[in-house]
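One structure is given below, encoded as structure tokens.
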Amino acid sequence: MSKHKVVIIGGGFAGVSAVRVLKSSPADVTLIDGRNFHLFQPLLYQVATGSLSPSEISAPLRSIFRRQSNVRVLLGEVRQIDAGDRFVVLADGMRVDYDTLVIAVGSTTSYFGHDDWREYAHGLKSIEDATAMRGRIFTAFEHAELLGGEAAAPWLTFVIVGGGPTGVELAGALSEIARKTLKDDFRSIRPEQAQLILMDMAPRILMTFSERISGHAEKALMKLGVRVRCGVRVDCIDADGVRFQRPDGTSAHIAAKTVLWAGGVEVPPIAKELARAAKAAVDRKGRIEVLPDLTIPGHPEIFVTGDIAAVPSPKGGTLPGVAQVAIQQGRYAGKAIARRLEGRSAPQPFHYFDRGDMAVIGRNSAVANIRGFEMWGWPAWVVWLTIHLAYLIEFQNRLIVLLRWAIQYLTFRRGARLITRSETTRQTPVV
């Protein structure tokens, strides 16, 4: 008798968590991902700003599961799902059958219908995004040095669109780059005079936090030289900068050669394919509406987890697409599958245990809400460091990242400031 076949699509937080739970289950588990590594996305902005290298926040999937004999890893992208006959088809045409399917894919960058902005405003969802963003940031200073004078001003102006945790963390890191890391590296320009602007359509930054926490974060950014502009709507992003509307309805333009996008996310194509195949309902963001046990109505064999699952939140709305939600949903799906195979009753409906939110702003500065307990400044910064180190998936990565952070803390130096050829040639200034 063949073993129960479990197929898990996605090697992110939810997928890896589900696979780990199934370690001792009587099932053949197949993990499918378009990349051969697990990425620790919360630290992706540190790759984009030269603090860490991609390999330091990533781990090969085969290495993670090398001792889990019931798992095989396939490198490929799922393009088709047949919910009736229970199989998926990869981009190369390979068919993989399943008895139980777990969808654990993440999200992609959304430009809210303005995909033409993508060329001028880099998002931050992948290693490629991070290295491209890193190239644009450090190339901007090089172009400013090359031009000098007033012509350098647009190259020394950085606009971050999006006032959530990613935008705040990028703004804080950019300030340290300009004011500390590069301070003495140039002769024609003064990097510390770079203009850093963080803008958002919301009335304040960090809307998922309380007004009190948001206020502390804004004050900390202002001390770092970041101008915070809330209540503004971006109308256009092009090679010359950003055009936006102020709260009073008037238009304005910022001349900036470097625009970083932290404005929003959307579901990937696989979510649409799943909705079609399983005739599943979706919310206005395209996420799959699931039952309390994270399955699709009419398809108890399909679990949906992570960013593409629309799960009601006790606070109202739906659960956010953050790492903790994905980890807990992945574990829940894995346990539910294991219980079925053992002939045990189904688990209680999924319940998210909110461990809190946090965002780092800069050296010795962060904000956090840990189950209703609000903190900021140095204490929040220490908590942020501890939690992020603990959740890196491999022990080796924890040691390397800790060493990198220690060196950067003592010297302000960033060891991953490489600029690839594709970025140096992408946008060359006219001298």
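The values are calculated or read from the model by the stated rules, or taken from the named source; none is laboratory data. Quick caveat: nothing in here was measured; it's all calculated off a predicted structure. Note that we place each Cβ from the backbone using ideal geometry, even for glycine, and neighbour counts take in every protein chain shown.
Points worth noting:
- A search for C-beta distances below 8 Å between a residue of the range 50-65 that is in contact (Cβ under 8 Å) with a residue 40 or more places away in the chain and within 12 Å of LEU392 (Cβ to Cβ) and any residue that is outside any loop (DSSP other than H, G, I, E, B) and of a type in the set (Lys, Arg), counting only pairs 6+ apart in sequence or on different chains, returns LEU52/ARG404; GLU56/ARG404.
- Residue check for LEU90: more than 22 Å from the chain's Cα centre (by Cα) and without any contact (Cβ under 8 Å) to a residue 60 or more places away in the chain: yes
- Scoring SER175 on the criteria (1) more than 16 Å from VAL47 (Cα to Cα); (2) modelled with pLDDT of 95 or more leaves a single failure, condition (1).
- Here the range 98-115 is the region considered, the condition is being outside any loop (DSSP other than H, G, I, E, B) and at pLDDT 95 or above, and the residue that is farthest from the chain's Cα centre (by Cα) is THR100.
- Among the residues making up the range 118-135, those that are assigned to a helix (DSSP H, G or I) and either under 21 Å from PRO165 (Cα atoms) or in contact with a helix residue (DSSP H, G or I) (Cβ under 6 Å, 6 or more places away or on another chain) (or both) are ARG118, ILE127, GLU128, ASP129, ALA130, THR131, ALA132, MET133, ARG134, GLY135.
- Residues satisfying the stated conditions in the range 226-253, i.e. among the aliphatic types (A, V, I, L, M), touching a Phe, Trp or Tyr at 6+ places or on another chain (Cβ under 8 Å) and either loosely packed, with under 14 Cβ neighbours inside 10 Å or more than 18 Å from ALA121 (Cα to Cα) (or both): ALA239, ALA252
- Checked across the range 18-39, the condition of being assigned to a helix (DSSP H, G or I) and closer than 20 Å to ALA83 by Cα holds for no residue.
- Filtered residues of the range 215-228 (kept if free of Cβ contacts under 8 Å to residues at least 60 places away in the same chain and either under 24 Å from the mean Cα position of the chain (by Cα) or on the phi > 0 side of the Ramachandran plot (or both)): GLY215, GLU218, GLY225, VAL226, ARG227
- Within the range 338-358, the presence of at least one residue that is touching a Ser or Thr at 6+ places or on another chain (Cβ under 6 Å) and farther than 22 Å from THR208 by Cα is confirmed.
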